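Structure, as structure tokens:
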Amino acid sequence: MEIALVIVVLICLLGAGAATMFLMRRESGDAELMSPPPRADLPGRTEKAATVPSAPTKDEDVDVDLDEGPAVVLEPPPVVKPSFFDRLTKARTAFTGMLGGLVGLGKLSDDDWEDLEEALIRADVGVKTSMRLIEDVKAGSKAAGAEDGAAILDLLKERMRAEIADGDRSLKIADDEVNVWLFVGVNGVGKTTTIGKLGKRLKAEGHAPLMAAGDTFRAAAAEQLTLWAERSGAEIVRGNEGGDPSSVIFDGVEAAAARNCNIVLADTAGRLQNKSNLMDELSKVRRVAEKGVGVVTETLLVLDATTGQNGMSQAKIFAEAVDVTGVVLTKLDGSAKGGIVFAIESELGLPVKLVGLGEQVDDLVDFDPDAFVNALFE
């Protein structure tokens, strides 16, 4: 009985203590039941009822809805086209280095005019073109009353801009035809690489290009072009090493018609044994290219800008051998002799249509005369 009484007393004391604590906390407000804080939802989330899903049966599929909001689509970075100013550092440094001494002159002497002409020649503008440009600038300076070096350089810049302002630089594509673009030039100037870059560009523009490996004499030329075709998603036709280039071009045209390709990018051999052999071979290639359903709409001469006047000699030979419609000038970013552009257009009468400003696939760009001249002088 005594033990039971003690237990009862203890229970009463504990109950009273708990009740006292509860009342004290109610009075201080600490015991007030607080609702859980609202969930800090991410943007785009919706509130759902807090229901506990039942476990799926064995035969049911588990459909998990994480409700993470709208999916974020990562867009590929835009292709940044190379600028002439950024890529013509070597040519600009050499050119402005030759002409920079004229800026502070109050009046040009005869020796200064000769130095100016020599600077153009050293930049590979060409002897005839340089002499003609200087004579025109002299006449313009007299008419305008311009005598100081800075004014003369401004006149020279505008005269050089006018020298290459004209000319059709578009790449011809005939509708509803199998267009054939022939690429000619000596080995090592970048014909195969140019074809590969153009193939990717044409594919991106919605065309259906086919590459024809007509350079059957250079080791691994067909393999190199095949890699470019795979990279750009273009079709490819190749022949046996040492075979007849004309037959490869003909097969390429026939394959293009069968595969609904509208442009055949035809590589050719770059051998220069003698002019007679070259003329015969290229004439045959062009004749065979148009024997079936193909139409040659472009014959592009590929030149290496770093070769300077040697490139001019090559250009003259090829221009005599085949009807060249335009020039692709590769490695212009690595050349200190950008004046070759003026020599090509003035002395050969050929428009520069494309230029290489780097090694990346998107570094083959349309030639822009204004941007080119600005990059040389600024």
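Counting neighbouring Cβ atoms within 10 Å and putting the fewest first, the residues Lys331, Lys316 line up as Lys316, Lys331.
With one equal scatterer per alpha carbon and no solvent term, the Debye-computed log10 I(q)/I(0) for segment 178-324 at 0.15, 0.18 1/Å reads -0.68, -0.98. Short-range pairs are left out: with C-alpha atoms under 8 Å and at least six residues apart, the relative contact order of segment 242-354 is 23 percent. Looking at the square roots a ≥ b ≥ c of the eigenvalues of the Cα gyration tensor of segment 102-142, which shape do they give, rounded for a/c under 1.5, prolate if a/b is larger than b/c, or oblate? Oblate, because a/c is 1.5 or more while a/b does not exceed b/c. Between the listed residues Ile121, Ile134, Phe84, the Cα displaced farthest toward the positive end of the dipole of segment 84-163, a dipole computed from Cβ unit charges relative to the Cα centre, is found at Phe84. Under a 5 Å amide H cut-off, with hydrogens placed 1.01 Å from N, Val178 pairs with Val295 among residues at least 5 apart or on other chains. The trypsin sites (Lys or Arg not before Pro) of segment 213-306 that meet both conditions, a loop assignment by DSSP and at most 13 other Cβ atoms within 10 Å of the site Cβ, are Arg259, Lys291. Rg over Rh for segment 153-245 works out to 1.12, using Cα positions for both radii and the Kirkwood form for Rh.
Holding the Cα-Cα limit at 27 Å, pick out from Lys138/Lys316; Lys191/Lys284; Lys128/Lys316; Lys157/Lys200; Lys200/Lys337; Lys128/Lys191 the pairs that are longer than that. Listed pairs above 27 Å: Lys138/Lys316; Lys157/Lys200; Lys200/Lys337; Lys128/Lys191. Put a plus charge on the Cβ of each Lys and Arg, a minus charge on the Cβ of each Asp and Glu, and nothing anywhere else: the dipole of segment 178-324 about its Cα centre is then about 220 debye.
Multiplying the residue separation of Glu177 and Leu105 by 0.36 nm and subtracting their alpha-carbon distance yields 20.1 nm.
Residues in segment 341-350 carry Karplus couplings, in order, of 4, 5, 5, 4, 6, 7, 8, 9, x, 10 Hz; the curve used is 6.51 cos²θ - 1.76 cosθ + 1.60 with θ = phi - 60°, and Gly or Pro positions show x.
Over 24 Å apart at the Cα level, from the set Lys197/Lys353; Lys90/Lys172; Lys90/Lys142; Lys172/Lys275; Lys90/Lys353, are Lys90/Lys172; Lys90/Lys142; Lys172/Lys275.
Residues of segment 220-251 with the amide nitrogen closer than 12 Å to a label point 7 Å from the Cα of Glu359, along Cα-to-Cβ, please. Counting only backbone N, you get no residues.
If the viscosity is 1.306 mPa s and the temperature 10 °C, what Stokes-Einstein diffusion coefficient in µm²/s follows for segment 84-163 when Rh is the Kirkwood radius over Cα pairs? In µm²/s, the coefficient is 124. Evaluated with a Cβ-only charge set (Lys, Arg +1; Asp, Glu -1), segment 249-338 carries a dipole of roughly 160 debye about its Cα centre, given to the nearest 20. Between Glu241 and Asn374, the FRET efficiency from the beta-carbon distance, with R0 = 56 Å, is close to 0.75.
Rule-based calculations on the coordinates, nothing more; no lab input. Predicted model only: the values in this text are computed from it and were never measured. A quick note on method: Cβ atoms are made from the backbone with ideal geometry, for glycine too, and the neighbour counts reach across all protein chains shown.
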